[in-house]
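Contents: one structure, followed by commentary.
Where a number appears in this text, it was derived from the coordinates with a stated rule and is not lab data. On a predicted model such as this, the values are computed, not experimentally measured, just so you know. Here the Cβ is made from the backbone with ideal geometry for all residues, glycine too, and neighbour counts use every protein chain on show.
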Amino acid sequence: MKRFAATVALAALAVPLTACASSGAPDSTELTSGPITIWYSTNEQEIAWAESVVDAWNADHPDEQVTAEAIPSGKSSEDAIGAAITAGNTPCLVYNTAPAAVPAFQKQGGLVNISQTFEDGESFITERSGEAADGFRSPDGDLYQVPWKANPFMLYYNKDVFEAAGLDPENPELATYDDVLAAAEAIKKSGAADFVLYPPASSDYTNALFDFYPFFLANSGGTQLVTDGEASFAGEEGLETLEFWKTLYGEGYSSAEPYSGDAWAGPFADGVAALGIAGPWGAGAFDGKVDYGIVPLPTADGTPAADTYTFGDSKNVGLYTSCENKQTAWDFAKFSMNADNDLALLETTGQFPIRGDVDEIAGEFLATSPVLSTFAESVPLTVDVPNIANATEIWQTFRDAWGQAVQAGEGDLEETFTTAADEIDTLISQG
């Protein structure tokens, strides 16, 4: 676990070297204290964690009470937050701020510059998260998000489905794309499950993080969607991953129709899909419903587990500019990320706090949890999204090409994604 701090920072690959310099002294003027509101995820385990933390804070801060609410329902959390920024009625803190959306929120003027607003903004974050913090810096070198938690993605498989399909439930062959496709054929022929993989199917740009991106990171040795100022997915390794997913949809092993229940966990938890792509939080959704095993993500040639990169699926905390009592918001954010509350986060949600001493605060707990210990081995190989201007438009351009060439199977795959890469390169140059 001591590798955690050093390698969660792989997300920093996207940050220019110039981003390490601060743009000025912190401005702590006009910071007030008082009641605040926060939003948290609708995940049941996170709600339990948040309510416990809020109760503990409120018991000791009668003049700085925190009101906690779930993020409003909508197309996505990002849409709900973006709409609130536009309306000027965001909460002070959102405990579900996606790094992929930070450039857009920052462009809207919705995020507080933590580095420049609070005297201990930089020191608190870097002391807690170490070098990992650099992976979340904006191009100006400052932090507009507080690194909070990481969720390395791995592949869950349903042991009962594998056994019914005549596959080995204890030692499944799922290391390569060909292995997965062979298993898919056996599962379809046996009728053991309706589908093999059923990730969120909508055209929303964030859903690329639940199908293509984790597999591409694994297959490419951790290459981000955009590297060195250019789109990277139209090369050999990206096309291998794209062809794999096109085959899954073309052969009916995956469904492009939106799932009627929980789009993220539902298909696997309900036994509709034989495989599920999820982080450690998946265990909470699948326990008691599926007898599952966990393996690294497959690659074209079968990369050894110790070398298989994956998506970190980090979710961070944003402090929003419409907050009236920013000092209380910052103080509560720090309280929520102290050692005790970070350990409680891991114990309650199965998600890893982005801090450099996880082994020290959670070593005993991890020793009692085989599932989390498995994910802990993948944490050092996590990579997140590049922090770049026009990120929303870039991811949506990719997703539009995905819907056409992969899910619908229309047109030439390589030509479609080469065109998408060219469009993304133009967006990058405009940033």
How much FRET efficiency would the formula 1/(1 + (r/R0)^6) give for Glu257 and His61, where r is the Cβ-Cβ distance and R0 is 41 Å, rounded to 0.05?
-> 0.30
In square nanometres, what is the average projected area of the Cα convex hull of the chain?
-> 19.4
Hey, which aspartates and glutamates would be in cross-link range of Lys189, C-alpha to C-alpha under 19 Å, not counting anything within fewer than 8 residues on its own chain?
-> Asp160, Glu163, Asp168, Glu173, Asp178, Asp179, Glu251
Centroid-to-centroid separation of segment 29-58 and segment 118-156 [C-alpha atoms, Å] = 19
Modelled label reach - Glu360, point 7 Å along Cα→Cβ, segment 32-56 residues with backbone N closer than 16 Å = none
Could you state the principal axis extents of the C-alpha atoms in segment 178-319, from the largest down, to the nearest angstrom?
-> 45, 42, 32
Per-residue ellipticity at 222 nm attributable to helices in the chain (runs of n ≥ 4 DSSP H, -39500 (n - 2.57) apiece, nearest 500 deg cm²/dmol) works out to -12000 deg cm²/dmol
So for segment 80-156, using the alpha carbon gyration tensor with a ≥ b ≥ c as root eigenvalues (a/c under 1.5 gives rounded; past that, a/b versus b/c decides prolate or oblate), I'd call it oblate
Taking 0.36 nm per residue of separation and subtracting the Cα-Cα distance, what length does fully extending Asn338 through Glu119 add?
-> 77.0 nm
Quick one: which of Lys107/Lys326; Lys159/Lys315; Lys246/Lys315 span more than 23 angstrom between C-alpha atoms?
-> Lys159/Lys315; Lys246/Lys315
What's the center-to-center distance, using Cα atoms, between segment 201-256 and segment 397-415 in Å?
-> 11
Based on the Cα gyration tensor of segment 272-431, what are the three equivalent ellipsoid semi-axes, each the root of five times an eigenvalue, rounded to whole Å and given largest first?
-> 33, 26, 15
